[in-house]
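What follows is a single structure, written as structure tokens, with notes after it.
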Amino acid sequence: MQRTLCYLTFCLFLSLTACNKTTDAPKVAAVSVAAEKSPAPDISVVSMSDGSVLKLSDLKGKVVLLNFWATWCPPCREEIPSMMKLNEKMSGKPFQMVAISIDEGGKPAIESFFKESGFKLPTYLDESAASGKAYGITGVPESFIIDKQGVLVKKIIGGAAWDSPEVEAFMENLMK
């Protein structure tokens, strides 16, 4: 038995060292993802309201709440009313909400959800999922607060109470 265990350990060792051998295959660069206190990755998404393309870099000079969500996600559904209130409070200020849906059903699924729920967000689509990859999202909801200079200030994993006085004060401070 001990001899078999030693043999299996030796075989495992050989297989692991074989995996580490270098080959002539081209090396792939590591994908960088969004990090706090770093420039926010520039992404392009399509507005559900009018089909226009929005580039995040075009929003410099505004504080951006970038939110990844889905209609099937309970925490997303819970935070939408507070996001709507925040968006209303920030109306006319240098602020932009960008809610990116990751729903596989695309525009029809989201329109149906908004019609049934009565909710309304400035929603964008990214059918290639490049924006989620650029920000390294691991699920939904995930939100990113970007300052007027285009720097990622805060990453929030999970739902949030976006209409709280603390959040409003935080956003107001970033707009100064």
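Things worth noting here:
- Within the stretch 88-113, residues that are more than 27 Å from Lys60 (Cβ to Cβ) reach partners that are of a type outside the set (Asp, Glu) and surrounded by fewer than 14 Cβ atoms within 10 Å (Cβ to Cβ) with beta carbons closer than 9 Å, at six or more positions or on different chains, in the pairs Gly105/Ser112.
- Val46 being surrounded by 13 or more Cβ atoms within 10 Å (Cβ to Cβ) and either at pLDDT below 95 or over 22 Å from Glu166 (Cα atoms) (or both): yes
- Every condition in (1) hydrophobic (A, V, I, L, M, F, W, C); (2) surrounded by fewer than 19 Cβ atoms within 10 Å (Cβ to Cβ); (3) in contact (Cβ under 8 Å) with a residue 40 or more places away in the chain; (4) out of contact with any helix residue (DSSP H, G or I) (no Cβ under 9 Å at 6 or more places or on another chain) holds for Ala169 except the one numbered (3).
- So Val53, is it out of contact with any Gly (no Cβ under 8 Å at 6 or more places or on another chain), surrounded by 14 or more Cβ atoms within 10 Å (Cβ to Cβ) and at pLDDT 95 or above: no
- The residue that is surrounded by the most Cβ atoms within 10 Å (Cβ to Cβ), counting only those in the stretch 114-124 that are touching a residue at least 24 places away in the same chain (Cβ under 8 Å) and out of contact with any strand residue (DSSP E or B) (no Cβ under 7 Å at 6 or more places or on another chain), is Phe119.
- When Pro39 is tested against (1) surrounded by 14 or more Cβ atoms within 10 Å (Cβ to Cβ); (2) at pLDDT 95 or above, only condition (1) is not met.
- Single residue of the stretch 125-156 satisfying the filter (over 9 Å from the mean Cα position of the chain (by Cα) and of a type in the set (Val, Ile, Thr)) that is surrounded by the most Cβ atoms within 10 Å (Cβ to Cβ): Ile146
- Residues within the stretch 124-168 that are within 13 Å of Cys76 (Cα to Cα), outside any loop (DSSP other than H, G, I, E, B) and not acidic (Asp, Glu), tallied: 3
To keep it simple, each residue is scored yes or no on (1) touching a Phe, Trp or Tyr at 6+ places or on another chain (Cβ under 8 Å); (2) within 20 Å of Gly136 (Cβ to Cβ); (3) in a strand (DSSP E or B).
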position: Ser49; (1), (2), (3): no, no, no
position: Asp58; (1), (2), (3): no, no, no
position: Pro75; (1), (2), (3): no, yes, no
position: Lys85; (1), (2), (3): yes, no, no
position: Gly92; (1), (2), (3): no, no, no
position: Ile100; (1), (2), (3): yes, yes, yes
position: Glu111; (1), (2), (3): no, no, no
position: Phe114; (1), (2), (3): no, no, no
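The values are calculated or read from the model by the stated rules, or taken from the named source; none is laboratory data. Note that the structure is a prediction, hence the values are computed from the model and not measured. Note: ideal-geometry Cβ built from the backbone for every residue, glycine included; neighbour counts use all protein chains shown.
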